[in-house]
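Where a number appears in this text, it was derived from the coordinates with a stated rule and is not lab data. Predicted, not measured: the structure shown is a model, and the values here were computed from it. FYI the Cβ positions are ideal-geometry reconstructions off the backbone, even for glycines, and counts take in every protein chain you see.
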Amino acid sequence: MRLTCPLCGERDRREFYYYGAEDYLRRPAEGAPLAEWDNYLHLRDNPAGVTKDLWYHEAGCSQWLLVTRNTVTHEISGVELVAGRKA
Amino acid sequence: MRYSGLKVITEGLFGNKGWTPAWRDPAPKAEYDVIIIGGGGHGLSTAYYLAKNHGITNVAVLEKGYLGSGNIGRNTTIVRANYFLPGNSEFYSHSMKLWEGLEADLNYNVMHSQRGLINLFHSDGQRDAFVRRGNAMINQGDDAILLDREGVREHLPYLDFDNTRFPIYGGLLHPRGGSARHDAVAWGYARGADQRGVDLIQNCEVTGIDIQGGKVVGVQTTRGAIRATKVGIVVAGRSSQVAAMAGMRLPIESHILQAFVTEGLKPVINHVVSFGMGHFYISQSDKGGLVFGGDLDFYASYAARGNLPMVEHVMEAGMTLMPMIGRAKVLRSWGGIMDMSPDGSPVIDKTHIDGLFLDCGWNYGGFKAVPASGWCMAHLIATGEPHEVARKFRLDRFATGHLLDEEGTGSQHNLH
């Protein structure tokens, strides 16, 4: 598996650290109900197919990346900077 | 048909013409008392114990492929009861006791071999942790023996004891640990369940779960609708998809775990050896192949095949620990779809839907749990109450903070 970092270009999978589903981008507000925190920390859609998840370019530009990929075929269809995405 | 040594000899003398199929191939009925979704190890053992322990025989096991086509046929076959945390400890201890009587109970040779499992340690701190774990195992009534460096050498003379990075300080020997023939476990439970009247329905994929007024009333399948007021979801890596049919979002992320087997060799490795610092474990099958594996590929995947970096890592770890295996040729590798939970421990629980039960989150430790998982899931379905040794495997423990984080690695799915 290779990921094309928007800043560094196509790189080996070993340069990246996988964090988890994009749910981690939707952090509940301080004081949010416990159910929201449970949802954020533990519950996952876990799709068999296209998913979006967070990777960290540890051995490269140190940017967090939002990767669109297929969990069944391992096909990568998009990599964007978390910092650059539209809210 | 009852299997015995005499039967094998008699059949051998008369051309093996008297063997009959180990289980029926029934068409699904319109209604059952209980439906188990998933014909893997856990699903089949659940059906078996429903019939045997609770007398509930009007049961269907629905399997989308063939029986045992998932993780029960794609693992490294290790059986152990070396857990530490209350909640896990009593459960795996119970499972070990069931393993020890399994062949007689099922009248099926699952080739359970208690050859001993050795977990290696490489520092003083790690030794302390293993002393503590060993004491927990002994307190649970199981067995553990702390080996020093020379003690390990007596068992495993072929290791590289003076490795610069991970010199071997000793190991924790779990004599009752070992391995079993993975497929045979599924087949033995399938045959036992079938003999007691359970319908094992293959090539029957569940496509929907029917719920009315908060109660489960049946399932939709590729072979038609089937009614039941009790449905158990026992589908390992596919738990999220099946639970989604009931509108549920689970604390599960599916990850890939690879394993490998070499060509058949003469006996060289008598134990199950676990090299935690290298994420490597190995045993030798009765056929002679070295069966070994490592850690997850670390990203969510349903591909049932992994990537090369983890292949390289596992081979490096193996060579670091026991350079003698370097000449062995790897015959094949495979990947299983692991239902990873946020704390590394499983779920055997009711759901908020009346009559819908869930058995999932086995991470990469499901094989040894097959007997106790089925035992406890059957207890839950039959009585509506959790079994005593599985009472901490609650679905809501993540929300309430009662995590069972055996490794202490934190609440992230791929870290266990």
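Within 10 Å of each residue's Cβ, count the other Cβ atoms and sort B:V152, B:V185, B:V219 from fewest upward.
B:V152, B:V219, B:V185
Using all alpha carbons of the stretch B:341-405, what is the percent of pairwise distances in each 10 Å bin, ordered from the shortest bin to the longest?
It works out to 23, 57, 21, in whole percents.
Fewest to most neighbouring Cβ within 10 Å: what's the order for B:H255, B:H54?
Going from least to most buried by this count: B:H54, B:H255.
Please list the three semi-axes, largest first and in whole Å, of the ellipsoid equivalent to the stretch B:1-138, using sqrt of 5 times the eigenvalues of its alpha carbon gyration tensor.
Computed over the stretch B:1-138, the values are 36, 22, 14 Å.
How big is the Rg/Rh ratio for the stretch B:179-286, C-alpha atoms only, Rh by Kirkwood, two decimals?
That ratio equals 1.10.
For labels at B:V217 and B:A22 in the simple 7 Å Cα→Cβ model, what's the distance in nm?
3.8
Excluding B:L404 itself, what net charge comes from residues whose Cβ is under 14 Å from its Cβ, given Lys and Arg +1 and Asp and Glu -1?
-3
Do the alpha carbons of any pairs in B:K64/B:K392; B:K29/B:K230; B:K52/B:K230; B:K97/B:K368; B:K230/B:K350 sit beyond 20 Å of each other, and which pairs?
B:K64/B:K392
Over all directions, what mean area does the Cα convex hull of chain B project, stated in square nanometres?
For chain B, the mean projected area of the Cα convex hull comes to 20.4 nm².
Using only alpha carbons, build the gyration tensor for the stretch B:70-150 and give me the equivalent ellipsoid semi-axes, biggest first, whole Å.
26, 15, 12
Taking a temperature of 37 °C and a viscosity of 0.692 mPa s, what whole-number D in µm²/s does Stokes-Einstein yield for the stretch B:230-286 with Rh from Kirkwood over alpha carbon pairs?
217
For the stretch B:23-97 and the stretch B:163-190, what is the centre-to-centre distance using only Cα atoms, to the nearest Å?
Each part reduced to its Cα centre gives a spacing of 21 Å.
Find the centroid of the Cα atoms in the stretch B:1-19 and in the stretch B:350-393, then give the distance between the two in whole Å.
37
First measure r as the distance between the Cβ atoms of A:A59 and B:R332, then evaluate 1/(1 + (r/R0)^6) with R0 = 35 Å and state the FRET efficiency to the nearest 0.05.
According to the calculation, E is roughly 0.70.
Given the convex hull over the Cα atoms of the protein assembly as shown, what projected area results after averaging over all orientations, in nm²?
With the hull built on Cα positions only, its mean projection is 25.7 nm².
Treat the count of other C-beta atoms within 10 Å as a stand-in for reagent exposure and order B:L173, B:L67, B:L44 from fewest to most.
Lowest count first: B:L173, B:L67, B:L44.
What number results when the radius of gyration of the stretch B:1-71, computed over Cα atoms, is divided by 2.2 N^0.38 Å?
Relative to the rule-of-thumb radius for its length, the stretch B:1-71 sits at 1.40.
Efficiency by 1/(1 + (r/R0)^6): what FRET value for A:T73 and B:E150, r their Cβ-Cβ distance, R0 = 51 Å, to the nearest 0.05?
The pair A:T73/B:E150 has a calculated efficiency of 0.50.
Spin-label point model (7 Å from Cα, Cβ direction): what's the A:C8 to B:T207 distance in nm?
Result for the modelled spin labels: 4.5 nm.
Please identify every one of the trypsin sites (Lys or Arg not before Pro) in the stretch B:288-362 that sits in a loop by DSSP and has no more than 13 other beta carbons within 10 Å of its own beta carbon.
When the trypsin sites (Lys or Arg not before Pro) of the stretch B:288-362 are filtered for loop state and at most 13 Cβ neighbours within 10 Å, B:R305, B:K329 remain.
Can you work out the FRET efficiency for the pair B:T10 and B:T383, with r the C-beta to C-beta distance and R0 = 60 Å, to the nearest 0.05?
Efficiency, from the Cβ-Cβ distance: 0.90.
How large is the helix-only mean residue ellipticity at 222 nm for the protein assembly as shown, computed as the sum of -39500 (n - 2.57) over DSSP H runs with n ≥ 4, divided by its residue count, in deg cm²/dmol to the nearest 500?
Result for the protein assembly as shown: -7500 deg cm²/dmol, rounded to the nearest 500.
Obtain the nm distance between the two label points defined at B:R2 and B:T409 by a simple spin-label model: each point lies 7 Å from its Cα along the Cα-to-C-beta direction.
4.7
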